1. Taking the options A:150, A:146, A:155, name whichever one is under 16 Å from residue A:292 (Cβ atoms) and not assigned by TED's automatic domain parsing to the domain that holds residue A:87.
2. Confirm whether residue B:74 is touching a helix residue (DSSP H, G or I) at 6+ places or on another chain (Cβ under 6 Å), among the β-branched types (Val, Ile, Thr) and not assigned by TED's automatic domain parsing to the domain that holds residue B:45.
3. Hey, could you check segment A:140-175 for residues that are more than 9 Å from every other protein chain (Cβ to nearest Cβ) and surrounded by fewer than 24 Cβ atoms within 10 Å (Cβ to Cβ) and say which is nearest to residue B:156 (Cα to Cα)?
4. Taking the condition in contact with a Phe, Trp or Tyr (Cβ under 6 Å, 6 or more places away or on another chain) and over 28 Å from residue B:138 (Cβ atoms), does residue B:207 pass?
5. In segment A:255-262, is there at least one residue being among the polar types (S, T, N, Q) and buried (at least 22 other Cβ atoms within 10 Å of the Cβ)?
6. More than 9 Å from chain A (Cβ to nearest Cβ), within 22 Å of the chain's Cα centre (by Cα), outside any loop (DSSP other than H, G, I, E, B) and buried (at least 17 other Cβ atoms within 10 Å of the Cβ) - does that describe any residue in segment B:218-231?
7. Under the condition of being in a helix (DSSP H, G or I), within 23 Å of residue B:155 (Cβ to Cβ) and within 7 Å of chain A (Cβ to nearest Cβ), which residue from segment B:233-288 is farthest from the chain's Cα centre (by Cα)?
Protein chains: 2
Amino acid sequence: MRGDVASAREVVVGLDIGGTKVHGVLLVDGAVVAEDRFAVRHGADGVVATATLAVDALAGRLAALVPGAEVGAVGVGVPGLVLPGAGTVAHAVNLGIVEPEPLGARLAGALGVPVTVENDLNVAALGAAHVLGLEGDLAFLALGTGVAAGLLLDGRLRRGHRGAAGEVGHVPYAADGPRCACGQVGCLELYASGSAIDAAWPSPDGVPAPAHLFRAAAAGDVDAVRVRDRFADAVATAVQTLTLTVDVEHVVLGGGVSEVGEPLLVAVRRALGRREAASSFLATLGLADRVRLAPPGARVAPVGAALAALVGRDAGRGPGHAAGPLPARPTTATVA
Amino acid sequence: MRGDVASAREVVVGLDIGGTKVHGVLLVDGAVVAEDRFAVRHGADGVVATATLAVDALAGRLAALVPGAEVGAVGVGVPGLVLPGAGTVAHAVNLGIVEPEPLGARLAGALGVPVTVENDLNVAALGAAHVLGLEGDLAFLALGTGVAAGLLLDGRLRRGHRGAAGEVGHVPYAADGPRCACGQVGCLELYASGSAIDAAWPSPDGVPAPAHLFRAAAAGDVDAVRVRDRFADAVATAVQTLTLTVDVEHVVLGGGVSEVGEPLLVAVRRALGRREAASSFLATLGLADRVRLAPPGARVAPVGAALAALVGRDAGRGPGHAAGPLPARPTTATVA
């Protein structure tokens, strides 16, 4: 994939549109040359306006960096289901988009370049593989408000029959657990998410709860150790579940909790190591060795969005796309 | 795939080698024209001898059926890990093969035709898609001594980084459960397997325990209803776990327990329906509708082995194999 990007020698903008901000990057030949964050306006019109503003702002910085160059494509990651067709987004509740909205077509019309729209975890999986230089199959496991994974298998994003691939947060975890917003009881994401830490370890004055928890645990606070280890065990179940179903080579821990950094990785690997010590079967699979951290700075999603745009645009051009990471499959939409 | 088979107009033998018997089929242009079962001799030499005997016996019936035709390829499904290279089989404990054994190369040498070796659940997935005429992504979920799935995604078998794809039987299910042979506690297969039914509902005089259990439950035996529903709930977890990770369109219930037939399907669909009634998220995924039964007679594995042989052989011929169901990937080995 990196070779494809380099040989394209092309300028592309990637946007990761979240509930409160847009994180945008300007990629030239696969390298980030500029990045910025923008406040999000909600609703379909607001999102189109915000994205247009972000692309214009990043394009405006291009002249000084690469004189004469122009943005050739735009990739957008959104938290929601992306439907076949014109980059149509549905169920992006955090963006105030509930009814299906042809976001890709509207943006392409506004910007005059091909626009590819993709689910945010899927672009994060693409970006993580690129930024970390990983070749094998990969899951980007987001530990944030909820828990879910973007899957990159055999060089392609795995979306599944109804877009539910990687929704590991709603696998049953604790039969006696509390009710989940999804209606089930004891879902994994009630234990392995950032929200779970927020609830179990309320943090004082603005310190993110995961950072506070892991610091207290490192300092020997017995309660913090218990909460941390219970959390790490739930994350270990997510890793094990991904291994025993899709058997990805790499599980990249992302989302807000991953900002804890190395202590998170250590705790999750230790939880997996305990399982491997008990089970020779699991030991042969090397679960602990599969896990790594997303690079700090949360840049993988916008970078992945930019990569999705490159491949999406190329896929629209000719028959050569089948070998690429994002062939013309139902839920990626590139519109010119 | 069906078109490929028909256009090949070719004779192929498929063998499903199990711990006690070999089930062999003779396929002409994709249709079974003969089948037979043979007792298995254990150990590598025994398996090679048994397979050779089976192929010879089926080939001997060819002359009367299709005068002048010859067996062009042989496909073999085995319960174990199939390693890259010459169809090497490892960890096939039920066959008395522990150390890696180049089964494919040895059989090809003995038979003088290309031989493709593949894991038995993988060939069952191929066979189930063919026999049931299913187009979309599929899991063949075997409910037998253990619980595991063969996965057919985007027309290819999914094996995973270390051959663990579909090993859903060793996902944690009950935190307070008994110890599993794998070393973990409360694995799903302790609740969703035929062995689990054998243990919970010992059957009198030779009647298979699952048949006895489902009959007793249908007759209103309160204990039987409880055991049946607990079993069906565990199978439902397997289906849900496969949906929320790979999101296959079809889950085909196979293995010994599937011989129960329709009452099994009804119980599992009811268990999934209860989950859908509780969770609008699960309801949108249509879990219950994804489940179906393997065709009775357990023919899907040998038929799938034969199909694997056709594709494996064609893959060895030229560059056209990438679009086929079994491209040249590490754990399929075809040797001439």
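The values are calculated or read from the model by the stated rules, or taken from the named source; none is laboratory data. Just so it is clear, the model here is predicted, and its values are computed rather than measured. Cβ: placed from backbone, ideal geometry, glycine included. Neighbour counts: every protein chain shown.
1. Numbers: A:146 fails: under 16 Å from residue A:292 (Cβ atoms); A:155 fails: under 16 Å from residue A:292 (Cβ atoms).
Going through A:150, A:146, A:155 in turn, just one is under 16 Å from residue A:292 (Cβ atoms) and not assigned by TED's automatic domain parsing to the domain that holds residue A:87: A:150.
2. Details: touching a helix residue (DSSP H, G or I) at 6+ places or on another chain (Cβ under 6 Å): yes; among the β-branched types (Val, Ile, Thr): yes; not assigned by TED's automatic domain parsing to the domain that holds residue B:45: no.
Answer is no for this residue.
3. Per the criteria, the residue is A:155.
4. Working: in contact with a Phe, Trp or Tyr (Cβ under 6 Å, 6 or more places away or on another chain): no; over 28 Å from residue B:138 (Cβ atoms): yes.
Taking the combined requirement at face value, the residue does not satisfy it.
5. Going residue by residue through segment A:255-262, those that are among the polar types (S, T, N, Q) are A:258.
In the following step, the residues that additionally are buried (at least 22 other Cβ atoms within 10 Å of the Cβ) were identified as A:258.
So far as segment A:255-262 goes, yes, one or more of its residues are among the polar types (S, T, N, Q) and buried (at least 22 other Cβ atoms within 10 Å of the Cβ).
6. Kept after step one, since they are more than 9 Å from chain A (Cβ to nearest Cβ), are these residues of segment B:218-231: B:218-231.
Going one step further and asking which of them are within 22 Å of the chain's Cα centre (by Cα), we end up with B:231.
Checking which are outside any loop (DSSP other than H, G, I, E, B) leaves us with B:231.
Imposing the further condition that a residue be buried (at least 17 other Cβ atoms within 10 Å of the Cβ) reduces the set to B:231.
Checked against the condition, which is being more than 9 Å from chain A (Cβ to nearest Cβ), within 22 Å of the chain's Cα centre (by Cα), outside any loop (DSSP other than H, G, I, E, B) and buried (at least 17 other Cβ atoms within 10 Å of the Cβ), segment B:218-231 yields at least one hit.
7. In this case the residue turns out to be B:285.
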